[in-house]
Amino acid sequence: MKQIILLLVTVTLNVVGQYLMKRGMSDVGVITGALNQLLSSLATAFTNPYVLAGVGAYGLSSIFWLILLSRVDLSYAYPALSLGYVLITLVSALFLGEEVSPLRWAGVLIICVGVIAVARS
């Protein structure tokens with residue numbers, strides 16, 4: 001049971017981190033390939049509070065991931081981590097207003113079936 005809680009905390013922090021980084025980067029705007037603009041854009045990104053909070057949440061998820069890896073097989077943990085794909089798709093649609101196609105939702109459903117199969121093995 002502790003491993004499942006660790007996994008859920010890891011995935012949740014990962015999803016929150018990704019959401020916050022995307023939210024912050026929406027404020028920053030598109031980063032182009034020009035070197036002078038790249039450095040300026042990255043400086044702006046790393047002073048954005050959403051980006052900073054997202055990096056922090058993502059970093060914290062890495063700590064929980066390491067704890068989880070010390071307790072379970074990688075062949076169990078890594079496929080279960082794909083729950084993040086499901087949650088990211090939901091968060092993207094609900095909170096970022098992204099349009100998710102039916103084909104993408106079908107892919108999410110396939111991921112869910114795979115996670116269930118891994119969890120039962």
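What the table shows:
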| quantity | calculated |
| --- | --- |
| Close pairs from the stretch 6-21: first touching a residue at least 12 places away in the same chain (Cβ under 8 Å), partner among the charged types (D, E, K, R) and part of a helix (DSSP H, G or I), Cβ under 6 Å, at least 6 apart | none |
| Filtered residues of the stretch 23-49 (kept if surrounded by 17 or more Cβ atoms within 10 Å (Cβ to Cβ) and not in a helix (DSSP H, G or I)) | Asn48 |
| Test: residue in the stretch 102-117 that is within 26 Å of Val28 (Cβ to Cβ), of a type outside the set (Gly, Ala, Ser) and part of a helix (DSSP H, G or I) | yes |
| Scope the stretch 78-121; condition in contact with a Lys or Arg (Cβ under 9 Å, 6 or more places away or on another chain) and small (Gly, Ala, Ser); matching residues | Ser92 |
| Counted residues, the stretch 86-101 - those being in a helix (DSSP H, G or I), aliphatic (A, V, I, L, M) and surrounded by 12 or more Cβ atoms within 10 Å (Cβ to Cβ) | 6 |
| Options Leu52, Leu7, Leu69, Leu20: the member that is surrounded by 13 or more Cβ atoms within 10 Å (Cβ to Cβ), farther than 19 Å from Ser92 by Cβ and within 14 Å of the chain's Cα centre (by Cα) | Leu7 |
| Only one of Gly97, Gly56 that is at positive phi and either out of contact with any helix residue (DSSP H, G or I) (no Cβ under 9 Å at 6 or more places or on another chain) or modelled with pLDDT of 95 or more (or both) | Gly97 |
| Residue that is nearest to the chain's Cα centre (by Cα), among those in the stretch 102-121 that are among the small types (Gly, Ala, Ser) and surrounded by fewer than 13 Cβ atoms within 10 Å (Cβ to Cβ) | Ala106 |
| The stretch 48-75 residues that are more than 22 Å from Val115 (Cα to Cα), paired with ones that are charged (D, E, K, R) and assigned to a helix (DSSP H, G or I) (beta carbon under 8 Å, 6 or more apart) | Asn48/Asp27; Tyr50/Arg23; Tyr50/Asp27; Gly54/Lys22; Gly54/Arg23 |
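The values are calculated or read from the model by the stated rules, or taken from the named source; none is laboratory data. In this text the structure is predicted, and so the values were computed from the model without any measurement. Quick reminder, even Gly has a Cβ in these numbers, built from the backbone with ideal geometry, and neighbours come from all protein chains shown.
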